[in-house]
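Okay, structure first, notes after.
The values are calculated or read from the model by the stated rules, or taken from the named source; none is laboratory data. This one's a predicted model, so the numbers in the text were calculated from it and none came from an experiment. Cβ sites come from the backbone with ideal geometry, for glycine too, and all protein chains shown count toward neighbours. Surface accessibility is based on the protein's heavy atoms, side chains included, excluding ligands, DNA and RNA. Shrake-Rupley method; radii C 1.70, N 1.55, O 1.52, S 1.80 Å.
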Amino acid sequence: MPLVTTKEMFEKAYNGGYAVGAFNVNNMEIVQGITEAAAELNAPLILQVSKGARAYANHTYLIKLVEAAVIETGLPIALHLDHGNSFELCKSCIDGGFTSVMIDASSKSFEENIALTRQVVEYAHDHGVVVEAELGTLAGIEDEVNVSAEDSSYTRPEDVQEFVERTGCDSLAIAIGTSHGAYKFKPGTDPKLRLDILEEVQKRLPGFPIVLHGSSSVPQEFVKMINENGGNMPGAIGIPEEQLRMAAKMAVCKINIDSDLRLAMTATIRKYFNEHPDHFDPRQYLAPARTAIKEMVKHKIVDVLGCDGKA
C-alpha cells in the first residue's frame, strides 16, 4: 500500500465520530513506536514532519522511514508537513513525496492568510496533495512556532466559511483552547476547550474536517519521572483528554500529538541512565524509550481518538 492522503480518512472519521492521530516524527525509534501501536490496534495514522524535523533528520531519511513503516504495517498512512510557513517549503514537501501539507499563515492578516493558502492549495491539488490551513492563533512554543498568550486568539466562526470557500483548503486547524508545547496551564487552573466555537464552526461548515493542534495532555507521571532523574521541569497540565474525545465526536477529524511523545521518550531515557550510568549502547536506552512511545500512542488511539479498529 502506498502513502495515502487524508481525504478518505477524514470522511470516515467525521461520519464515525472519531479522530485520526497526527504524531510528529523525528527519528527511527519514534516512527517505530507510533506505527507498532497503530498496527496492533488497526488504526489509521498520520505521521507528520515539521520544518525542524526535516532540518534535523533530512527529508530523504524521513521519507524512507515512513515508507518502511507502510511496508511493515500495511496501514493507511499519510505523510504530512506540520506548520509549513512558506510556499517554498510546502512545494518542496509536495515535490518530495508528502501526501499532505499544512500552510500556517495564521499570524498574517486574514487576506494575506487567504492569498498564501490559496497559492499552496492550487499547487498541491495539481499534484494530488491535500492542504491543511489555520485560522486563529494558538499560544505556546513548538519548533519555530512561538506565540505568547497575549497574542493568541480564538478562531472566529463567522470567518471560517469565507476562508474555506476562498482558499479551497481540505481541512482547517482552529484555535479553541489548546496550546503548543509542554508548558501549558498551571496546576489549579481549569483549562477547557471552547466546544461552543467548534459547534458553531460545524454548523457553518457541515461535513468539513477540523484539526486541533497543541493537543498533548502533559502526562504528570513523565514530568515526575524527569524531575526525579535530574530534571527541573515545572508542573503543567493540558486540556483534559475527555474534552478532546468530545471534540473528536464532533467535527474534529485530526488531533496533533507531539509533546506527550517527547516527554515519554525523555523521561524513559533519563530514568534509564540514572539506573545504568555506565551503559553506553544506544540500543539499551532507545529500546525502552520506543516502548514508552508505543504505549503512549496506544492510549491516545483508544481513549482520546477512538480510531482503534478503523484502518
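In terms of its C-alpha gyration tensor, the chain has a prolate overall shape, because the principal axis ratio a/c (a ≥ b ≥ c, square roots of the eigenvalues) is not below 1.5 and a/b outweighs b/c.
With contacts taken as Cα pairs under 8 Å and at least 6 residues apart, the chain reaches a relative contact order of 23 percent. Reducing segment 279-295 and segment 1-54 to their Cα centroids gives an inter-centroid distance of 21 Å.
Would you mind telling me which residue in HIS127, HIS213, HIS279 has the biggest mean-square fluctuation in a Gaussian network model of the chain, where springs connect alpha carbons within a distance under 10 angstrom? Answer for the Gaussian network model of the chain: HIS279. With the Cα gyration tensor of segment 1-89 giving a ≥ b ≥ c as the square roots of its eigenvalues, does the rule (a/c under 1.5 for rounded; else a/b larger than b/c for prolate; else oblate) give rounded, prolate or oblate? In terms of gyration-tensor shape, oblate. The loop-placed chymotrypsin sites (Phe, Trp or Tyr not before Pro) in segment 216-311, going by DSSP, that have at most 15 neighbouring Cβ atoms within 10 Å of their Cβ come out as PHE280.
DSSP bridge analysis restricted to the chain gives an antiparallel fraction near 15%, rounded to the nearest 5. Only Cα pairs under 8 Å and 6+ residues apart enter the sum, and on that basis the relative contact order of segment 235-300 stands at 35 percent. Return the whole-Å distance between the Cα centroid of segment 95-136 and the Cα centroid of segment 197-237. About 24 Å separates the Cα centre of segment 95-136 from the one of segment 197-237. Among VAL70, VAL20, VAL252, the largest mean-square fluctuation in a Gaussian network model of the chain, built with springs joining Cα atoms closer than 10 Å, belongs to VAL70.
Accessible area per residue was computed with a 1.4 Å probe on protein heavy atoms; ASP196 scores about 80 Å².
Over the chain, dividing the summed -39,500 (n - 2.57) contributions of all DSSP H runs of at least 4 residues by the number of residues returns a 222 nm mean residue ellipticity of -14500 deg cm²/dmol. Under 28 Å Cα to Cα from LYS64, which lysines show up? Leave out anything in the same chain fewer than 8 places away. Reachable lysines: LYS7, LYS12, LYS51, LYS91, LYS254, LYS294, LYS298, LYS300, LYS310.
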